1. Using per-residue counts of other Cβ atoms within 10 Å, averaged over each peptide, order 39-50, 109-120 from highest down.
2. Show me the ranking of peptides 78-88, 128-138 by mean Cβ neighbours inside 10 Å, starting with the highest.
3. Taking θ = phi - 60°, what integer Hz values does the Karplus form 6.51 cos²θ - 1.76 cosθ + 1.60 yield along segment 84-96, in sequence order, with x for Gly and Pro?
4. Please rank LYS89, LYS51, fewest neighbouring Cβ atoms within 10 Å first, as an exposure proxy.
Amino acid sequence: MTATYRTMAAWMVAGTLLGPVTGGPAHAASLSELQGAWVINSAECSDVFTKRSGRFAFKPNKRNADTSFIINGNRIQGARATCSLGSEKPTSDGFRAVLDCSSRMMMGALPISFRVSNANTIVKFDPDFPDLETTYTRCN
């Protein structure tokens, strides 16, 4: 699996995520508690998503779509790839998951780690590179 694919999948997921956390982190037991649409903190939900019949969908050709994703059941959809949950396990400050991802060009497993700040904020991070974090906010 190439670094480019890992980077693309990481941006897509609640990846694969957050900035500094103040106070103690909240804990999500699993991906099932993170259902919905998520955007990187610098994006606006209305710029990336449309909502039809109570469900989020990507707006066509939006530039922020590459840094946003939708979690629906065990499926995580990004603008350019789709992942399904392979496995997950809780950690002391969130959880780790292995996502089985595919795009038009590639497929493979992607390990990701999340910290959950609160019900509407998650942080994706790489334990090997703790300074690299991306914050995502849930859309309503």
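Derivation of every value follows stated rules applied to the coordinates shown; laboratory data play no part. Here the structure is a predicted model, which means the values were calculated and not measured. Here Cβ is always computed from backbone atoms with ideal geometry, including for glycine, and neighbour counts include all displayed protein chains.
1. Numbers: 39-50: 16.8, 109-120: 19.0.
So the peptides 39-50, 109-120, ranked by packing, come out 109-120, 39-50.
2. Working: 78-88: 18.5, 128-138: 15.0.
Highest-to-lowest ranking by the protection proxy: 78-88, 128-138.
3. Here the 3J(HN,Hα) series is 10, 6, x, 7, 8, 8, x, 10, 5, 10, x, 7, 10 Hz.
4. Details: LYS89 9, LYS51 13.
Ordered from fewest to most neighbouring Cβ atoms within 10 Å, LYS89, LYS51 come out as LYS89, LYS51.
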